[in-house]
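Enquirer: After the structure tokens below, expect a handful of questions from me.
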Amino acid sequence: ETGVTQSPTHLIKTRGQQVTLRCSSQSGHNTVSWYQQALGQGPQFIFQYYREEENGRGNFPPRFSGLQFPNYSSELNVNALELDDSALYLCASSNSGRAHNEQFFGPGTRLTVL
Amino acid sequence: GDSVTQMEGPVTLSEEACLTINCTYTATGYPSLFWYVQYPGEGLQLLLKATKADDKGSNKGFEATYRKETTSFHLEKGSVQVSDSAVYFCALSDRGGAQKLVFGQGTRLTINP
């Protein structure tokens, strides 16, 4: 069983640029959630995708957007990058058909905005 | 909204010491409760969970009991090892909608030999 994978591992961008982060969900999972983890903080929920539709969103501006593909992999796009967007971005997959919806996390993408 | 408050760190203990990391929560309804662990340079791993009041989650010698009356889910271990050094996150998940995870701020644990 393949776990959750994310790419790239690290990324450096400058303020105002755009970035795309990628996530492959664990086999058998149909739901992907994205979280932002600032240094020294707990992860914050960005949004969730289920069957290619957004299924809930946290308190993040519209310049954070996402996609889910038919194979349940997902992308997180961030436009007009700001310095405060520097963080570890975590993807988690789950199977919404299971009780309690346990989420399995990938290793994350470390984004640095200069 | 829902929230989780964890004991502030960092926590430093000697090997074989007893561990307690406090966690309290605020939520409407009846959330599921989790402890996640994050080792250096890695993502989050689920350590244990409890889905209803009085449930006890346990794994790798760690335990936590879902206490509805005190809205708490404290993490305990009787004898810690150097390999337990990591950051520990308490989290809750509501039962409806997206079932997003709401995390505490994390507690960094260091075990000295």
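Bear in mind these aren't lab numbers, they're just calculated from the coordinates by the rules spelled out. All values reported here derive from a predicted model rather than from experimental measurement. Cβ coordinates were reconstructed from backbone atoms using ideal geometry, including for glycine residues, and neighbour counts include every protein chain displayed.
Enquirer: Which FRET efficiency, nearest 0.05, do residue B:82 and residue B:52 yield, Cβ-Cβ r, R0 25 Å?
Expert: Efficiency computed from Cβ-Cβ geometry: 0.15.
Enquirer: Then there is this: In terms of Cα to Cα distance under 23 Å, which lysines are near enough to residue B:60, apart from those fewer than 8 places away along the same chain?
Expert: B:49, B:52, B:77
Enquirer: In addition: Give, as a single signed number, the net charge of other residues whose beta carbon lies under 13 Å from the beta carbon of residue A:83, with Lys and Arg counted +1 and Asp and Glu -1.
Expert: Value of the local net charge: -1.
Enquirer: If you place +1 on the Cβ of every Lys and Arg and -1 on the Cβ of every Asp and Glu, how big does the dipole about the Cα centre of the protein assembly as shown come out, in debye to the nearest 20?
Expert: With only Lys, Arg, Asp and Glu charged at Cβ, the dipole is about 280 debye.
Enquirer: Got a sec to turn the phi values of the stretch A:27-38 into Karplus ³J(HN,Hα) couplings, 6.51 cos²θ - 1.76 cosθ + 1.60 with θ = phi - 60°, whole Hz, x for Gly and Pro?
Expert: 3, x, 9, 10, 10, 10, 10, 10, 9, 10, 10, 6
Enquirer: OK, next. With +1 assigned to the C-beta of every Lys and Arg and -1 to the C-beta of every Asp and Glu, and no other charges, what is the dipole magnitude of chain A about the Cα centre in debye, to the nearest 20?
Expert: 160
Enquirer: Follow-up. Could you list log10 I(q)/I(0) for chain A at q = 0.15, 0.17 Å⁻¹, which the Debye formula gives when each Cα is one point scatterer?
Expert: -0.58, -0.75
Enquirer: Per residue, how much space in cubic angstrom lies within the convex hull of the C-alpha atoms of chain B?
Expert: Taking the convex hull of the Cα positions in chain B, it is 94 Å³ per residue.
Enquirer: Another question, then. Which net charge results for the neighbourhood of residue B:86, defined as the other residues with beta-carbon distances under 14 angstrom from its beta-carbon, given Lys and Arg at +1 and Asp and Glu at -1?
Expert: In short, +1.
Enquirer: If I take every Cα pair under 8 Å that is 6 or more residues apart in chain B, average their sequence separation and divide by the length, what percent do I get for the relative contact order? Kindly include the intermediate steps, with their values, before the conclusion.
Expert: On the way: 293 pairs, mean separation 41.0, N = 113.
The normalised contact order for chain B reaches 36 percent.
Enquirer: What span do the alpha-carbon atoms of the protein assembly as shown cover on each of the three principal axes, reported in whole Å from largest to smallest?
Expert: That gives 48, 37, 35 Å along the principal axes, largest extent first.
Enquirer: Determine one quarter of the surface area of the Cα convex hull of the stretch B:6-57, which equals its mean projected area, and express it in nm² to one decimal.
Expert: With every direction weighted equally, the projected area is 5.0 nm².
Enquirer: Whole-Hz Karplus ³J(HN,Hα) for the stretch B:54-65, in order, using 6.51 cos²θ - 1.76 cosθ + 1.60 and θ = phi - 60°, x for Gly and Pro?
Expert: 6, 5, 10, x, 8, 5, 6, x, 8, 9, 8, 10
Enquirer: If the chain between residue B:20 and residue B:39 were fully stretched, how many nm would it gain, using 0.36 nm times the residue separation less the Cα-Cα distance?
Expert: 5.0 nm
Enquirer: Per residue of B:44-51, count partner chain C-beta atoms within 10 Å of its C-beta, then hand back the mean as an integer.
Expert: 3
Enquirer: Please give every one of the aspartates and glutamates within straight-line cross-link reach of residue B:56, meaning a C-alpha to C-alpha distance under 19 Å, and leave out same-chain neighbours fewer than 8 residues apart.
Expert: Leaving aside aspartates and glutamates fewer than 8 places away in the same chain, those within reach of residue B:56 are A:102, B:69, B:76, B:94.
Enquirer: With no other cysteine's Cβ closer than 4.7 Å, which Cys residues of chain B count as lacking a disulfide-compatible partner?
Expert: So far as the 4.7 Å Cβ criterion goes, B:18 stand without a partner in chain B.
Enquirer: Under unit Cβ charges (Lys, Arg +1; Asp, Glu -1), what dipole magnitude, rounded to 20 debye, does chain B have relative to its Cα centre?
Expert: So the magnitude is around 300 debye.
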